[in-house]
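A short worksheet on the structure shown next.
Read the figures in this text as sums done on the coordinates, not as results from a lab. These numbers come from a predicted model, not from an experiment. So basically every Cβ, Gly included, is an ideal-geometry build from the backbone, and we count neighbours across all protein chains shown.
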Amino acid sequence: MAAGIVDLAFFPDWKDGDTLLLAADAATLSLLEPPLLDLSLSRCDEIRLHELPFVCGHNGIALVARCVAVDSGTSRERGTMGFRWARSPAGWAAALSRVRGLIASRRASCHDYLDGPDDEVTVEISAGEYTHEWLQSMQRQA
């Protein structure tokens with residue numbers, strides 16, 4: 001794991017389906033808490049997660065998190081590396097709760113899924129399981 005970096009990667013047909021992976025150590029994953037809190041409290045309509053200074057998006061990936069009225073889920077813009085993650089304030093609060101639970105677990109390595117009701121793509125958050133270097137090598141092979 002690269003210190004202070006949340007890796008963002010896409011894996012087609014991984015773990016029974018297309019998967020977006022957010023991976024870092026638990027301390028670094030805590031950097032995701034403020035933007036998720038902002039979405040859960042409707043302080044903003046959209047956050048371009050791939051543009052956050054602590055996120056390293058692989059292979060040109062773009063992940064836009066949107067706060068919407070009706071809870072939806074994650075979808076991919078066909079033929080691109082663009083993804084839309086649309087959740088209601090309650091959906092963002094649930095995602096934030098899962099992230100906080102994963103951080104608080106204090107396990108050396110663990111993961112959880114930030115499922116929405118109508119996901120086309122699975123969002124997995126991982127603490128301590130995948131290194132930055134491993135993700136870079138896997139993305140080069142893709």
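If each residue's Cβ is checked for other Cβ atoms within 10 Å, how do ARG66, ARG106, ARG84 rank with the fewest at the top? Walk me through the intermediate numbers first.
Values: ARG66 15, ARG106 9, ARG84 19.
Placing the least packed residue first, the sequence is ARG106, ARG66, ARG84.
Between the labelled values [x] 89; [y] 112; [z] 98, the entry that holds volume of the Cα convex hull per residue in Å³ as derived from this structure is [z]. Amide H to amide H distances under 5 Å link GLY82 with ALA62, GLU77, where only residues 5 or more positions off or on other chains count and H is placed in the peptide plane. Fewest-first ordering of ARG98, ARG43 by other beta carbons within 10 Å of each residue's beta carbon gives ARG43, ARG98. Reported to the nearest whole Å, the Cα centre-to-centre distance from segment 33-68 to segment 71-106 is 9.
For the chain, the relative contact order comes to 30 percent (Cα pairs under 8 Å, sequence separation of at least 6). Legend: ranking of residues ASP112, ASP16, ASP118 from fewest to most surrounding C-beta atoms inside 10 Å; resulting order ASP16, ASP118, ASP112.
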